[in-house]
Amino acid sequence: MKSFSEYNPIVIAVWFFSVTGVAMFCNYPLLMLISLCGAVLFFIVRNGLSHGKEHLFFWILFLVLALANPLVSHNGKTVLFVMNHNPITLEAMLYGVNSAAMIIGVLYWFRSFTQIMTSEKLLYITGALSPKLSLILSMALRFVPLFSRQSAKINNAQTAMGLYKDDNIIDDIKGKSRVFSILVTWALENGIITADSMEARGFGICRRTQLRRFRFCAHDIVLLLITLLLLGLTTAAVGTESLSFSFYPSITAEKPCFLGVIGIISYGLLILLPIIIETEVSLRWKYLRSEI
């Protein structure tokens, strides 16, 4: 019994980049719809009905992006109405909806990616290519929340000392500038301390070791092969233009051929892989608990 997040980081990264790569470099509406629905479903399967603010932000952004394109681009033959002497066309509106679905779907995928791929897993992936680059990446990911917490501590201390008030704009600007200056000074000092600590611990003397070793097992190999197979079928359908769709100057869509249908089904199965794995683990765990 192994959840999707427990698979080898290389397999997880290949799957995420396969899903998002197809979504970013293909404008076929059905694939965009599959990507968006799969991303939302995968996020809900992992997190339940929580993170309501994130869902609200993503869907407000979806509306903004969908409405922005027909206001900026006026290409297309089918004019719906004219606003401020600018035609609003059906083609531009549908293209905006399609682009918004692609962007929001990719944002959902990368939100799940950040939850699964910890700094240790990223260090494992990039360590084989460039250990120094992976170390810098890992430290950068660590310092982002660290700086946020330190900034909150400094801000609370400044407020408790009465150095500025939130209801005064001038004092608030001065206080924020003072907090930023203190934070920069703390960051520089912390960087020197970190460098001295790494040197004292013998960094760079011998080959880098890993706290945790991720090994390939049969589950990882099977998932990787299935991912590459489905990705290959989808890429073949997109690359041979078996999935052809054009928004401008008018909407033209050809009926998908056999390879196009295979590509759509393959992409759908590719997206469903982790959802199937997570659902199987959840059902098996509930079944085992019921047997106790």
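Being in the same structural domain as Y267 (by TED's automatic domain parsing), free of Cβ contacts under 8 Å to residues at least 40 places away in the same chain and surrounded by fewer than 20 Cβ atoms within 10 Å (Cβ to Cβ) holds for only one residue in N27, N84, and it is N84. Here G232 meets the list (1) part of a helix (DSSP H, G or I); (2) surrounded by 19 or more Cβ atoms within 10 Å (Cβ to Cβ); (3) of a type in the set (G, A, S) almost entirely, failing just condition (2). Each residue in region 270-292 was checked for being surrounded by 11 or more Cβ atoms within 10 Å (Cβ to Cβ) and over 22 Å from N98 (Cβ atoms), and 12 of them qualify.
Among the residues of region 30-60, write down those that are in contact with a Phe, Trp or Tyr (Cβ under 9 Å, 6 or more places away or on another chain), outside any loop (DSSP other than H, G, I, E, B) and at pLDDT below 90. Break it down into steps so the answer makes sense when it comes.
To start, the set of residues in region 30-60 that are in contact with a Phe, Trp or Tyr (Cβ under 9 Å, 6 or more places away or on another chain) comprises 30-31, 34-36, 38-40, 42-43, 46, 51, 54-55, 58.
From what is left, the residues that are outside any loop (DSSP other than H, G, I, E, B) are 30-31, 34-36, 38-40, 42-43, 46, 54-55, 58.
Matches in region 30-60: R46, E54, H55.
Of all the numbered requirements in (1) at pLDDT below 90; (2) among the polar types (S, T, N, Q); (3) surrounded by fewer than 19 Cβ atoms within 10 Å (Cβ to Cβ), N8 misses one, and that requirement is (3).
Just give me the residues in region 103-120 being outside any helix (DSSP H, G or I) and either in contact with a Pro (Cβ under 7 Å, 6 or more places away or on another chain) or buried (at least 17 other Cβ atoms within 10 Å of the Cβ) (or both), in sequence order.
If we filter region 103-120 for residues that are outside any helix (DSSP H, G or I), which is where we start, we get 117-118.
Across region 103-120, the qualifying residue is only M117.
Here T20, T114 are screened, and the one residue that is under 14 Å from the mean Cα position of the chain (by Cα) and free of Cβ contacts under 8 Å to residues at least 40 places away in the same chain is T114.
If the condition is being surrounded by 15 or more Cβ atoms within 10 Å (Cβ to Cβ) and within 29 Å of Q115 (Cβ to Cβ), then region 52-81 contributes H55, F58, F62, L65, A66.
The values are calculated or read from the model by the stated rules, or taken from the named source; none is laboratory data. Quick caveat: nothing in here was measured; it's all calculated off a predicted structure. Heads up, the Cβs are rebuilt from the backbone with ideal geometry, glycines too, and the neighbour counts pull from every protein chain shown.
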